Amino acid sequence: MATNRSGTAQRPNGAPQTKVCQFKLVLLGESAVGKSSLVLRFVKGQFHEYQESTIGAAFLTQTVCLDDTTVKFEIWDTAGQERYHSLAPMYYRGAQAAIVVYDITNQDTFGRAKNWVKELQRQASPSIVIALAGNKSDLAAKRMVEFEEAQAYADENGLLFMETSAKTAMNVNDIFLAIANKLPKSESAGGAAAGGRRLADGDAPRSSSCCK
Amino acid sequence: MAASSEDQILEGFLCPICKADLKSASQLTSHFESLHQEEQDVLKSLKEIFGKAKKIILNDDTDLKETFDKALKFNSQDQEYYCEEQSVGVSRSSTDYFRAVRSARLERYATETNKLLIRLDKLVCNMPTDQNLRKQHEQIIVPWLDGTLVKLCPNCAKTFNITRRKHHCRLCGSLLCHDCSVFLDLNVARSIVDPSVSNTSTEPDQENLEKNGLRLCEHCYNLIELRKQVQESRNAKTVLVTAYEQMRSLMEQARPAVAMYEKMCQSLFDGETTYHLGDVNAMRGKIGKLAEGIDLLSKQIVNFSAEPGTRQARLQTAIRQAAALYIKEDLLSLRKLPTEAQIEEVRRQRYERAERQIQLERRRMEAEVARQPPAEPPEPPEPRAPAAGDDDNNPLLEQMNIIRGYIKEARRELKFEEVAILETNLKELKKEYQLLKLSKS
Ligand SMILES: Nc1nc2c(ncn2[C@@H]2O[C@H](COP(=O)(O)OP(=O)(O)OP(=O)(O)O)[C@@H](O)[C@H]2O)c(=O)[nH]1
Ligand SMILES: [Mg+2]
Ligand SMILES: [Zn+2]
Ligand SMILES: [Zn+2]
Ligand SMILES: [Zn+2]
């Protein structure tokens, strides 16, 4: 455990400094593909058979430690139901990473995922790192989307790709790690324009308070 | 690898900048627009998308907002209050106390009501019509209180005298004056004790009611009336169920309509003349109407107030989703109609093909005839064939016109199955008529 509270880790106290970077990550995809389940598995190590459908969006954070950097994810888990579609841009704009999720047992959700990728490529930040997750891989017996098909699509579009299972935890941490590795963490890229915010003292990410 | 995480999960219509929960999509949008103006580019793209999705938002989210506000007893004025942090003090659960009080009350009502119901049942079954016998019957079941010493009506405290006589409640036997009596119609009483006999008789006038109905005290009447209401509400279909059944029935109608539409459409593409473009358009309109109806009803269902997160709320949402999907996939994905010009073209091609076929046939016939000259003189014209002059009242023509009338009618009523049959019929008649003419000439 490298940090107790994000931001304090880089107090200049002579100890070897760890960079702390904060990234905004958004999850997109059809309803019921398992976005919330993936996040819950990643953040809390839990899985609920009866996960409630998300309303609006959910916000969670999780920190991962790479060799020389600590990456803090601010995760926005959007609601997949169609009627919330129009809210999505608010959440993916300014995001440095996105996970587009589909359900390998449902061909339609794969089509929907492709549309999300297209929308991100058009509207989101040009440097956004996009990962494609074929979730529910534990249900391979009912598979409708071929691994090769999705892999080929991901290759064409320069996406990270993994088949995951929130239920068995397969590849869940891995996909977040892969994203963390791919994100630009150099000093120069640390600016708001290209990468995550480099945290300085006193810049602890407490929520700004426009409503209070 | 994974390290510290903050424990709380926020969920709702969260502002991506300040993480305030705005309770509805529209409030979130306006909050975002008014307080986070600095993110101009974000806003611009957002506006674009909102323009496109305005309709969805307006339709769906106002409902959603209402449900939310209602459920959370919230409105925008309370917003500030909500944002203030408030710590919970000492708390104690009063649920058990509440339960105890409630069950005691329920018990009292239930036993009392049941007692009255049993009496009511005995009273109305085998009730003699003769007034004196009836009085006896009533008193055997519920003994009347001896009122000789009672001077005042226990209910209104007015003195009993010659004009204010003593009466008895038929269910509890207590004393009361006429003014304090309530009357229960016997038919209503029967339907209460036996719900299988529905009370269909018309309501009696006051005079009849007082003459034939059961005289009750207010207390007994209220308990019985309450029971009746519970019974009725249990049997009554809720608005929700009614809306659902109506929606199902529309779906039931839509299925054959779509099948018919597909058939008609195919027929047009095949160049057949059975249906007109107008017919198929009318059918499309009919399906559109059905879709509209289904949409409306399913919206009513989803808007029906239910605590968010409960099974009912989920079920309502699921119904709406299924309906929307059904409309989108089955009703609005109808095949596009060909244009007049396309139809013309297909028909022309078909006609030409037929024409060529006929030419070919004719030439072959001629060749045949030429090869074997007739052995016998040509037959005289058939005696029953009509003469060329009276073509107008040819029964075949007449029949054809009648059928044309039928077709018009069926078309007006959108009965396209019938149109198809009649059109075939008409075609056969035409063919026969042509043969007839050929044989004449
Ligand atoms: N077998 C299996 N089931 C899963 C997996 N991930 C999620 N589920 C189930 O799929 C259902 C939907 O999961 P959610 O996480 O709520 O889906 P979501 O994408 O967040 O849905 P919305 O919030 O409506 O957008 C739940 O019943 C989960 O238990 C998985 O990897 N394997
Ligand atoms: Mg969710
Ligand atoms: Zn805000
Ligand atoms: Zn009285
Ligand atoms: Zn009484």
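Remarks
- Restricting the chymotrypsin sites (Phe, Trp or Tyr not before Pro) of segment B:299-379 to loop positions (DSSP other than H, G, I, E, B) with no more than 13 neighbouring Cβ atoms within 10 Å leaves nothing.
- For segment A:39-135, averaging the sequence separation of C-alpha pairs within contact (under 8 Å, six or more residues apart) and dividing by the residue count gives a relative contact order of 22 percent.
- Rounded percent of accessible protein surface that carbon and sulfur make up, segment B:185-321, 1.4 Å probe: 52
- Accessible area of segment B:239-331 divided out per residue, in Å², using a probe of 1.4 angstrom: 52
- Long pairs among A:Lys114/B:Lys289; B:Lys263/B:Lys336; A:Lys24/A:Lys44; B:Lys408/B:Lys430, criterion Cα-Cα beyond 23 Å: A:Lys114/B:Lys289
- Converting phi to 3J(HN,Hα) with the Karplus coefficients 6.51, -1.76 and 1.60 and the offset θ = phi - 60°, segment A:163-169 yields 8, 10, 9, 5, 6, 8, 6 Hz in sequence order, with x at every glycine or proline.
- Our estimate of slack between B:Lys408 and B:Arg105, defined as 0.36 nm per intervening residue step minus the Cα-Cα distance, is 102.1 nm.
- Annotation for segment B:158-184 versus segment A:53-77: alpha-carbon center distance of 77 Å.
- Coordinate range along principal axes, alpha carbons of segment B:202-359, Å, largest first: 97, 46, 19
- When peptides B:90-100, B:357-367 are ranked by their average number of other Cβ atoms within 10 Å per residue, the highest-first order is B:357-367, B:90-100.
- In this structure, the amide hydrogen of A:Lys19, modeled 1.01 Å from its nitrogen in the peptide plane, lies closer than 5 angstrom to those of A:Thr70, counting only residues at least 5 positions away or on a different chain.
- Rounded to whole Å, sorted largest first: equivalent-ellipsoid semi-axes of segment B:394-441, Cα gyration tensor: 25, 10, 5
- Coordinate range along principal axes, alpha carbons of segment B:239-331, Å, largest first: 56, 20, 15
- Among the residues of A:72-85, the average count of other protein chain beta-carbon atoms within 10 Å of the residue beta-carbon is 4.
- Cβ neighbours within 10 Å from other chains - mean over B:307-314: 1
- Remark: relative contact order (segment A:78-151) = 39 percent; criterion is Cα-Cα distance under 8 angstrom and separation of 6 or more residues.
- Inter-chain Cβ neighbour average for residues A:51-63, partner chain, 10 Å: 6
- The overall shape of segment B:101-235 is oblate: from the C-alpha gyration tensor, with semi-axes ordered a ≥ b ≥ c, the ratio a/c is 1.5 or greater and a/b is no larger than b/c.
The values are calculated or read from the model by the stated rules, or taken from the named source; none is laboratory data. Note that the structure is predicted; figures quoted are calculated from it, not measured. Reconstructed Cβ throughout: ideal geometry from the backbone, glycine too, with neighbour counts over all protein chains shown. Just the protein is used for accessible areas: all its heavy atoms, side chains included, with ligands, DNA and RNA removed. Shrake-Rupley method; radii C 1.70, N 1.55, O 1.52, S 1.80 Å.
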